[in-house]
Amino acid sequence: MFRTPVGFACLAALALAFPLTTAVADDAQIARGEYLVTIGGCNDCHTPGYFFGKPDRSRFLGGSDVGFEIPGAGVFVGRNITPDKESGIGNWTQDQIIKAIQTGERPDGRVLAPIMPWHAFAHLTADDARAIAAFLQNVKPVSHEVPGPFKPGEKVSTFVFRILPPGEVAAAAPK
């Protein structure tokens with residue numbers, strides 16, 4: 001009988017001496033992140049089938065099947081932003097996810113494609129940015145390697161939308 005209270009006391013002392021260094025998201029924070037991801041349109045560019053009118057909900061946020069061509073920059077396909085460790089962002093910390101969302105810089109230093117609206121997300125509150133990161137770390141991991149990015153002139157293996165600068169759009173419009 002004496003061992004059980006002593007064991008619990010030792011366990012409690014260890015927990016106080018060595019606190020966890022990773023933040024644990026609660027249900028309310030994850031729900032807030034889901035809401036923000038939904039209204040932010042993350043699904044649009046990061047879920048296969050979305051641009052064809054049939055989003056594949058079984059691969060939600062698992063990476064697009066459509067690339068965006070930006071003249072002079074190349075073609076960029078919406079990445080897998082699920083916590084899959086091989087093909088997604090499963091090895092990224094919350095702070096790395098937040099940095100990518102708000103500054104456009106990945107953990108490897110590469111700058112995100114100009115189509116990613118990080119300039120708008122830079123204005124998120126710290127709580128909202130953390131909620132999005134928590135949600136992304138808690139969605140179902142999807143194993144899906146997304147092709148690209150493709151440099152200008154490289155052969156592209158996906159359907160492509162071309163983004164035209166405003167001057168080219170006006171010149172291409174029928175008169």
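The values are calculated or read from the model by the stated rules, or taken from the named source; none is laboratory data. Please read all numbers here as calculations on a predicted model, not as lab measurements. Neighbour counts are summed over all protein chains in view; Cβ atoms, including those assigned to glycine, are modelled from backbone coordinates with ideal geometry.
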Working carefully through the options V160, V156, V142, V146, find the one that is farther than 20 Å from Q29 by Cβ, aliphatic (A, V, I, L, M), in contact (Cβ under 8 Å) with a residue 60 or more places away in the chain and part of a strand (DSSP E or B). V160
Any idea which residue in segment 95-113 is modelled with the lowest pLDDT, counting only those that are assigned to a loop (DSSP other than H, G, I, E, B) and buried (at least 17 other Cβ atoms within 10 Å of the Cβ)? A113
Within segment 45-94, considering residues that are part of a loop (DSSP other than H, G, I, E, B) and among the charged types (D, E, K, R), the one surrounded by the fewest Cβ atoms within 10 Å (Cβ to Cβ): K54
Within segment 77-134, residues being under 21 Å from A25 (Cβ atoms), of a type in the set (K, R) and out of contact with any strand residue (DSSP E or B) (no Cβ under 8 Å at 6 or more places or on another chain) number 2
Looking only at segment 100-111, decide whether some residue is in contact (Cβ under 8 Å) with a residue 40 or more places away in the chain, farther than 16 Å from F135 by Cβ and acidic (D, E). no
